[in-house]
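Visitor: Just dropping this structure here.
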Amino acid sequence: MESEPVFKFEELQVYQKALDFVDRAYVLARKFPDSELYNLCSQFKRASVSIPLNIAEGAGDSDAQFNRFLQIAIDSVKECVVCSTIARRQEFTDREEDIENRRKLAELSKMITGLQKYLKK
């Protein structure tokens, strides 16, 4: 049996953690009311998906280009923080879920920032 092709960016731990957060965002978005399907629900999912997409898109490019895509990924992390906060304030999710989102997003932010610092060396 032939093995599945693997792209270099898929080996990045930050990429894998970003995919884990996408899974989490999709699960949480299912709890949102139907009235939010094209509003906060859609925004939260798009922002979460943007994180691994930008990591993948920038990987393998020049360090300066990769850094630019990583900055976009960080901006999407911030967007997810706001979406999570709004979801909690509107009682679509609870405090514990918001705290866990923040913990995972803070970890992603630190990992992306660390990768940016590495690229600038």
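Every number in this text was worked out from the coordinates using simple rules, so none of it is lab data. Worth saying up front: this structure is predicted, and the values here are computed from it rather than measured. Positions of Cβ are backbone-derived with ideal geometry, glycine not excepted, and every protein chain shown enters the neighbour counts.
Visitor: Expressed as a rounded percentage, what relative contact order does the chain have, with Cα pairs under 8 Å and six or more residues apart?
Guide: Details: 111 pairs, mean separation 32.6, N = 121.
Relative contact order for the chain comes out at 27 percent.
Visitor: Return the distance in nm (one decimal) between the two label points of a simple spin-label model at Ala106 and Thr85, each offset 7 Å from Cα along Cα→Cβ.
Guide: Here the modelled spin labels are 1.4 nm apart.
Visitor: Within the stretch 24-121, which chymotrypsin sites (Phe, Trp or Tyr not before Pro) sit in a loop by DSSP and count at most 11 neighbouring Cβ atoms inside 10 Å?
Guide: Numbers: sites: Tyr26, Tyr38, Phe44, Phe66, Phe69, Phe92, Tyr118; in loops: Tyr38, Phe92.
Passing both the DSSP loop test and the Cβ count: Tyr38.
Visitor: Continuing with this model, one more query. For Glu96 and Glu11, calculate 0.36 nm times their separation in residues minus their Cα-Cα distance, and state this gained length in nm to one decimal.
Guide: Values: separation 85, 0.36 × 85 = 30.60 nm, distance 3.03 nm.
Separation in residues times 0.36 nm, less the Cα-Cα distance, equals 27.6 nm.
Visitor: Still on this structure: Mind sorting Lys117, Lys104 by how few other Cβ atoms lie within 10 Å of their own Cβ, fewest first?
Guide: Working: Lys117 10, Lys104 19.
Arranged by neighbour count, lowest to highest, Lys117, Lys104 become Lys117, Lys104.
Visitor: Compute the angle between helix 63-89 and the longest alpha-carbon principal axis of the chain, please, reported from 0 to 90 degrees and rounded to the nearest 10.
Guide: On a 0 to 90 degree scale, this one is about 10.
Visitor: Follow-up question, since we're still on this one. How about the stretch 30-121: which GluC sites (Glu not before Pro) there lie in a loop by DSSP and see at most 12 other Cβ atoms within 10 Å?
Guide: Details: sites: Glu36, Glu57, Glu79, Glu91, Glu96, Glu97, Glu100, Glu107; in loops: Glu91.
Qualifying residues, ordered by number: Glu91.
Visitor: Lys120: which lysines have alpha carbons under 19 Å from its alpha carbon, excluding same-chain residues fewer than 8 sequence positions away?
Guide: Filter leaves Lys110.
Visitor: Compute for the chain: radius of gyration divided by Kirkwood radius, i.e. Rg/Rh, restricted to C-alpha atoms, rounded to two decimals.
Guide: Working: Rg = 15.3 Å, Rh = 14.9 Å.
Rounded to two decimals, Rg/Rh equals 1.03.
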